[in-house]
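No lab work stands behind these numbers, since they all come straight from the coordinates. From a predicted model like this one, the values you see are computed outputs, not experimental measurements. For neighbour counting, all protein chains shown are included, and Cβ atoms are generated from backbone atoms with ideal geometry for every residue, glycine included.
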Amino acid sequence: MIDFLQGFSDASENVDEVIVLNHNSNIDDYGFTRGTAKKMDALVANKETGILVLYEESKRIIVAVRINDEIGSFDYLEAMRLSGAELLKTIEEEACGKIIIRGLKEHFLEEEAFAFLEGMALSQYRFEKYKNAPKENFLKEVYLEEGIIDRGKLIALTNIIKATAFVKDLVNEPVNFMDAVKFSETAQNLAKETGFTTEVLTKEKIRELKMGGLLAVNRGSETPPTFNIFTWKPDNAVNDQPLVLVGKGVMFDTGGYSIKISGNMSGMKGDMAGGAAVLGTLMALALNKVPYYVIGLVPATDNKISPNALVVDDVITMYDGTTVEVQNTDAEGRLVLADALVYAKQFNPELVIDLATLTGAASAITGPYGIAMMGNNKPDMDSLQQSGEFVFERLIELPFWKEFAELLKSDIADLKNVGGKLGGASVAGKFLEHFTDYSWIHLDIAGAATIDKSSGYKQAGGTACGVRLLYDYIEKKVVDKAKKTQVRDII
Ligand code: BES
Ligand code: ZN
Ligand code: ZN
């Protein structure tokens, strides 16, 4: 992890200097020799974007230049993150351990500087614990000008990055190291360290509650299921009714008897990315002591095969008594989520948001570039979309017409678990909707939760998609509520 420190005076000896410029920058301000100044001027004048390593009297200077015409836009923030990532790459190549960053204060808004540092920090992540010779990160300390970014925000940033790294680890861990039981243990340890609470319902309790969806998916497995309840309820919470986050925790999805063919099974250790993101969001909220009451629910199991496993044509009874005719055991996410959505009712939630790597159909729409959204709460879907643009985890709303629900009618039970060939992401959403009677938003993260190729500040594997999104959304809710209360107090 990078340590962000404020003030240059504390910077020790072996510090490299980085200067971040944009096209408005005045090179003369930096007192360089003519040769260096000329090179830098040329870079800025040519509106080039990139990183330059210079030597001035044998002192190494690294210059990052970001030129973008869309200053003040969300794209500009993303460009800043990408610049930060590019800078980190150069810094690692140059094997710098400590750097000073100049120029951010003069040339960029606070949130642009924040995005730049965020891009740097996010891009430092690696998952190399199973390598015999893991590479170490060189960069440890980054000194910033005083006053460029609020100290609290820097600490918050570090905690958010920690949470994303935690989530990436969970997603990248194979199921032989991270099954449902291990997930619950990890969550319990994390909760103790960070200050939220965890309750884990074991198989016995899940049976007693008759969570038929979770039990059915688990039938083919040697590892028992767990139902995880995370609570972050600070005394100074600005909301009375909780926001409930529900995450799909399928620790590995073989498809069950509707088995995934050939290449489709690879990467399915990541089918718990929604659950991991819920846990990571609670971690970030607790670390930063965000005054918002949030509950996380993660039904966890793998989806495997044994003589006892669920088969096609089975009829199962869900937690709320709904009967479901299983027509495809690979549509298991909706079965485990349905029970969790029913469980959420007891909390009288102000809103429920679920995150799930639910359908290949959603990823066919978004690719790795975004998240598919459905739901019944327009205002919150709009704010979520705003946050999505801000953190660059973009959301696209899918059609949610009632006809999709008609495809789920069964001749012999209340519902089937699959519809026709088309509109798979919306049909899956409609299946979930059956189990809700509250304000609700469904996020299908199948496309963005894991990626095949590293790019920018993202690494191949888990992306921790959803954590920065939900954190930003909740943080803005806190600010909104505080504003409203102020107005009320004045009146
Ligand atoms: N976990 C998969 C969805 C998925 C696919 C996630 C690709 C990430 C990448 C889910 O459980 C699944 O298999 N869904 C089926 C549903 C179908 C049987 C209606 C699918 O999308 O094919
Ligand atoms: Zn599946
Ligand atoms: Zn799945």
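Per-structure values
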| quantity | calculated |
| --- | --- |
| Shape category assigned to the stretch 353-491 from the gyration tensor of Cα positions, a/c cut at 1.5 | oblate |
| Cβ-derived FRET efficiency at R0 22 Å, K289 paired with E146, nearest 0.05 | 0.35 |
| Vicinal HN-Hα couplings computed from phi for the stretch 223-235 (Karplus, 6.51 cos²θ - 1.76 cosθ + 1.60; Hz; Gly/Pro x) | 8, x, x, 9, 10, 9, 10, 10, 10, 10, 10, x, 4 |
| Alpha-carbon Debye profile of the stretch 219-261, log10 I(q)/I(0) at 0.15, 0.23, 0.26 Å⁻¹ | -0.61, -0.93, -1.07 |
| Inter-label distance for E199 and R60, nm, one decimal - labels placed 7 Å from Cα along Cα-to-Cβ | 5.4 nm |
| Selection from I441, C465, A428, by position along the positive dipole direction of the stretch 414-491 (Cβ) | C465 |
| Normalised contact order of the stretch 347-426, rounded percent, pairs of Cα under 8 Å and 6 or more residues apart | 30 percent |
| The stretch 118-199 shape via C-alpha gyration tensor axes, a/c threshold 1.5 | oblate |
| Under-5 Å amide H pairs with H23, H placed in peptide plane, nonlocal only | N68 |
| Farthest positive-ward along the chain dipole, Cα basis, beta-carbon charges - from A216, M283, A300 | A216 |
| Sorted peptide list for 23-35, 300-312, criterion being average Cβ within 10 angstrom, highest first | 300-312, 23-35 |
| Cβ-derived FRET efficiency at R0 41 Å, K192 paired with D240, nearest 0.05 | 0.95 |
| Protection-proxy order for peptides 411-417, 147-153, 213-219, 457-463, each taking the mean of Cβ atoms within 10 Å per residue, highest first | 213-219, 457-463, 411-417, 147-153 |
| Dimensions (Å) - the chain, Cα atoms, principal axes, largest first | 83, 63, 42 |
| Vicinal HN-Hα couplings computed from phi for the stretch 99-116 (Karplus, 6.51 cos²θ - 1.76 cosθ + 1.60; Hz; Gly/Pro x) | 9, 10, 10, 9, x, 4, 5, 6, 10, 9, 6, 4, 6, 6, 4, 4, 4, 4 |
| √(5λ) per eigenvalue of the Cα gyration tensor, the stretch 127-271, largest first, Å | 33, 24, 13 |
| For a label point 7 Å along the Cα-to-beta-carbon line of K39, residues of the stretch 92-109 with backbone N under 18 Å | 92-96, 100, 102 |
| Listed pairs K203/K260; K59/K140; K153/K182 exceeding 28 Å between Cα atoms | K153/K182 |
| Amide hydrogen neighbours beyond the local backbone of V63, cut-off 5 Å, H modeled | I19, L52, V53, L54 |
| Förster radius 45 Å - calculated FRET efficiency between Q6 and Q327 (Cβ-Cβ, nearest 0.05) | 0.15 |
| Extension gain from D452 to K260, taking 0.36 nm per residue of separation minus the Cα-Cα distance | 67.3 nm |
| Magnitude of the charge dipole, the stretch 52-175, Cβ model with Lys/Arg +1 and Asp/Glu -1, debye to 20 | 600 debye |
| Sequence of C96, C465 once ranked by neighbouring C-beta atoms within 10 Å, starting from the fewest | C96, C465 |
| With Cα atoms, 0 to 90° folded angle of helix 34-45 axis to the chain main axis | 40 degrees |
| On Cα atoms only, tilt of 74-93 relative to the major axis of the chain in degrees | 70 degrees |
| Fewest-first ranking of S258, S58, using other Cβ atoms within 10 Å as the exposure measure | S58, S258 |
| Distant-in-sequence amide H partners of I100 (H built 1.01 Å from N, under 5 Å) | D16, E17, V18, Y143 |
| Nearest-20 debye value, the stretch 134-244 charge dipole, Cβ charges on Lys, Arg, Asp, Glu | 380 debye |
| Helical contribution to [θ] at 222 nm, DSSP H n ≥ 4, -39,500 (n - 2.57), averaged over the chain, rounded to 500 | -12000 deg cm²/dmol |
| Global geometry of the stretch 61-133, whether rounded, prolate or oblate, following the gyration tensor of its Cα atoms and the 1.5 cut on a/c | prolate |
| Distance violations [Cα-Cα > 20 Å] among K378/K430; K248/K402; K129/K269; K168/K481; K98/K135 | K248/K402; K168/K481 |
| Values of log10 I(q)/I(0), in the order q = 0.13, 0.17 Å⁻¹, for the stretch 222-349 under a Debye, Cα-only, solvent-free model | -0.60, -0.90 |
| In order through the stretch 148-155: 3J(HN,Hα) via Karplus (6.51 cos²θ - 1.76 cosθ + 1.60), integer Hz, x for Gly, Pro | 6, 9, 3, 4, x, 5, 5, 5 |
